[in-house]
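Input: a single structure, listed below in structure tokens.
Readers should treat all values here as calculations from the given coordinates under stated rules, not as data from a laboratory. These numbers were taken from a predicted model, which means no experiment stands behind them. All Cβ positions, glycine included, derive from the backbone under ideal geometry; neighbour counts span all protein chains shown.
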Amino acid sequence: MRIAVYPGTFDPVTNGHLSILKRAMRVFDVIIAAVAVDNNKNTLFSLEERTALLQESVKDLPNIQVEAFSGLLVDYVKRKQATAIIRGLRVVSDFEYEMQMAAFNKDLYDGAETIFFTADTEYSFVSSSMIKSIAVLDGDISHFVPEVVYHGLRRRYGFE
């Protein structure tokens, strides 16, 4: 069985994340969308909220599991017996950071390869931080995020 881990903070999950997951489903038997606890980021949503929003967003996608994890990604990948780490690339600056991370992960654990999926053109400019920047000002983000996330952001910012 081909198991892959797709790690991220998913704060919040976007349609770009879901696009990567849907495309990766064609390559892997099981994908674990792993919500990072230790992310050195100041997240808008709690770990429980991020996990719940992601679970609701992928509920109709077969073979996608959602779990929270903490610690080193490669340790988590080993525990899950995964052979791949999925990462999405939107722009050139993503590539530089992701290549560095992939090299470290490969050095720390040779049992998994990092597989890069480039963003679909319609999502190449979408990031969770931009979504939050637009949402806080009551901008329309409905076509960039799943419906549950749209409403979650509107509630968080006091628009619902």
Report summary line: Among segment 9-53, those whose backbone N falls under 18 Å of a label point 7 Å along Cα→Cβ from residue 60 are 13-26, 53
Report task. Any chance you could run the full-extension gain for residue 138 through residue 39? It's 0.36 nm times the residue separation minus the Cα-Cα distance, nm to one decimal. Result -> 33.0 nm
Query - Acute angle (nearest 10 degrees) that the helix 15-24 long axis makes with the longest principal axis of the chain, alpha-carbon atoms - result: 30
Report task. List the residues of segment 114-148 whose backbone N lies under 18 Å from a point placed 7 Å from the Cα of residue 159 along the Cα-to-Cβ direction. Result -> 126-148
Report summary line: Once amide hydrogens are built 1.01 Å from N within the peptide plane, the residues lying 5 or more places from residue 66 or on another chain with amide H under 5 Å from its amide H are 33
Query raised in the report: Between residue 115 and residue 47, what is the FRET efficiency for a Förster distance of 25 Å, r being their Cβ-Cβ separation, to the nearest 0.05?
Result: 0.50
Requested in this report: Kindly state, as a whole number, the per residue volume in cubic angstrom of the convex hull around the alpha carbon atoms of the chain.
Outcome: 106
Report summary line: Between the residues 77, 115, 102, the Cα farthest towards the positive end of the dipole of the chain, that dipole coming from +1 and -1 charges on the beta-carbon of Lys, Arg, Asp and Glu, is from 77
